[in-house]
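The values are calculated or read from the model by the stated rules, or taken from the named source; none is laboratory data. Just so you know, these numbers come straight off a predicted model, no measurement behind them. Here the Cβ positions follow ideal geometry from the backbone for every residue, glycine too, while neighbour counts run over all protein chains shown. We work out accessible area using only protein heavy atoms, side chains counted, and drop any ligands, DNA or RNA first. Shrake-Rupley method; radii C 1.70, N 1.55, O 1.52, S 1.80 Å.
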Amino acid sequence: MKNNLIHGALLLVALVMTGTGARAQDAVKIGVIVPLSGPWARQGQVMRIGAEMAVEHINAAGGIESLGGAPLELVVFDTGDSVERAKNAAQRMVAEEPDLIGVTGAYLSSFTLAISEVTERAELPMVTLSYSDLITGRGFNYIFQTSPTGVRQAEDALPLLVDLAERSSGRKPERIGIVMDSTAASVAFVKPIQEGDTLDALDLELVVDETFTPPLANATPLIQRVRATRPELLLLLPTAISDSKLLLEKMNEFGLGQGRLPTVSNGAAMGDPDLAANMTPALLEGVMTTVANWAVAGQDEIVEEYIERSGEPWITQNPLCTYGHIWIFKAALEQAGITDRNAVADAIRSMDVTDGPARLFPGGRIRFDEFGRRIDAELLVVQWQDGVPKTVYPPHAAVAELVWPGR
């Protein structure tokens with residue numbers, strides 16, 4: 001009798017251990033590598049919140065169906081404040097977490113370039129929002145870019161803005177100005193405009209072309225030049241909040257601000273909550289920026305939850321893209337049906353979806369070319385209205401109507 005009881009107990013343990021009992025599925029690990037210390041810690045923290053939201057939503061909905069309901073688990077690494085530290089963090093990540101099936105991050109393109117060298121050697125798929133063309137221009141097989149590249153943004157933005165100006169005002173602009181800082185992001189955006197044939201193709205005259213080295217001490221000479229040459233469209237490309245404040249204050253002083261001169265930036269920095277916290281909201285009124293992602297119509301629940309969890313006044317590109325990247329990995333795992341890095345990478349390469357994660361990115365479709373660049377990536381136009389940067393273009397994505405500035 002005693003032997004029979006022992007045998008029955010051992011059989012029950014064996015059933016549970018082999019999975020024929022009610023054993024929970026092992027968690028599937030996804031890495032998040034972002035700056036959580038140093039000057040970009042706030043951006044990294046909101047990206048982490050976006051990833052955490054996605055994991056909670058996926059797990060609450062039943063996890064990965066093709067893996068028997070396996071839940072997702074985040075493994076978070078801090079890039080620190082330099083390229084060297086970011087690369088070291090990536091090396092620790094692949095060494096300490098051999099079970100990772102993918103990773104997302106890293107905010108700055110320079111960090112992403114360094115990290116992706118490590119993830120490529122580890123054959124670990126990485127999905128990023130970073131813009132640099134170099135990221136997907138090195139022949140790597142395990143890096144995927146959901147934003148339009150910097151060059152593509154430059155090539156797409158100006159024709160889009162000229163078209164919006166003509167449709168909104170009834171008159172095509174003929175004179176354009178550029179005021180930019182000397183950082184890599186600004187140079188990468190402006191260089192294709194300066195050196196390509198976009199200006200000639202659009203019959204635009206470049207009447208102001210000014211570059212300053214941040215931090216800016218005095219904005220007066222730059223804005224005096226703008227006022228003297230009277231462009232009909234101004235590309236304003238600072239990357240530091242202090243420089244943005246000086247430039248917009250001087251534009252207002254010279255009668256060019258608050259919606260008088262069409263002023264457009266590029267990237268999420270011009271929609272950062274810190275801008276509104278550091279200057280009078282009226283100075284930002286009417287200022288536009290072209291971005292790779294932002295809150296659009298139909299995303300109210302995600303936006304409200306993010307605001308509640310983060311304490312931020314609105315959602316920006318960074319947490320929204322990271323939220324979407326986790327859903328891309330979810331779709332890849334469902335397609336692969338196995339927790340193998342190469343299978344997940346193959347699933348991302350062959351992915352072509354118009355639902356699920358596709359609803360979280362402009363263009364409404366997720367598929368990648370042979371370089372890892374998202375084929376259908378589009379730009380949004382965001383405009384400051386009543387103290388909040390709101391998506392105003394394209395119309396189907398807009399949460400507010402575009403107000404084209406005019407003197």
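For the stretch 290-313, give me each residue that is in a loop (DSSP other than H, G, I, E, B) and either more than 14 Å from THR391 (Cβ to Cβ) or open to solvent by 30 Å² or more (accessible area, probe 1.4 Å) (or both). So that I can check it myself, show each step before the final result.
Applying the first criterion (in a loop (DSSP other than H, G, I, E, B)) to the stretch 290-313 yields 292-299, 311-313.
Answer for the stretch 290-313, where residues must be in a loop (DSSP other than H, G, I, E, B) and either more than 14 Å from THR391 (Cβ to Cβ) or open to solvent by 30 Å² or more (accessible area, probe 1.4 Å) (or both): ALA297, GLY298, GLY311, GLU312, PRO313.
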Going residue by residue through the stretch 323-334, is there one that turns out to be loosely packed, with under 15 Cβ neighbours inside 10 Å, in contact (Cβ under 8 Å) with a residue 40 or more places away in the chain and either β-branched (Val, Ile, Thr) or assigned to a helix (DSSP H, G or I) (or both)? yes
Those residues of the stretch 111-148 which are surrounded by fewer than 24 Cβ atoms within 10 Å (Cβ to Cβ), β-branched (Val, Ile, Thr) and in contact with a Ser or Thr (Cβ under 9 Å, 6 or more places away or on another chain), in sequence order: THR136
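Where in the stretch 163-251 are the helices (runs of 4 or more DSSP H), entirely inside, with at least 2 residues that are more than 21 Å from VAL151 (Cβ to Cβ) and in contact with a helix residue (DSSP H, G or I) (Cβ under 7 Å, 6 or more places away or on another chain)?
Numbers: elements: 184-195, 198-201, 220-229.
In the stretch 163-251, the matching helices (runs of 4 or more DSSP H) lie at 220-229.
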Of the conditions (1) under 24 Å from the mean Cα position of the chain (by Cα); (2) loosely packed, with under 15 Cβ neighbours inside 10 Å; (3) among the hydrophobic types (A, V, I, L, M, F, W, C), ALA201 fails just one. Which one is it? (1)
Which condition number does GLY267 fail, the rest of (1) touching a Leu at 6+ places or on another chain (Cβ under 7 Å); (2) farther than 16 Å from GLY406 by Cα; (3) touching a residue at least 60 places away in the same chain (Cβ under 8 Å) being met? (1)
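Regarding SER265, is this residue assigned to a helix (DSSP H, G or I) and within 17 Å of VAL382 (Cα to Cα)?
Here the answer is no, as SER265 does not meet what is asked.
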Mind listing just one residue for me: the one in the stretch 339-358 that is open to solvent by 20 Å² or more (accessible area, probe 1.4 Å), without any contact (Cβ under 8 Å) to a residue 40 or more places away in the chain and in a loop (DSSP other than H, G, I, E, B) and, of those, nearest to GLU123 (Cα to Cα)? SER350
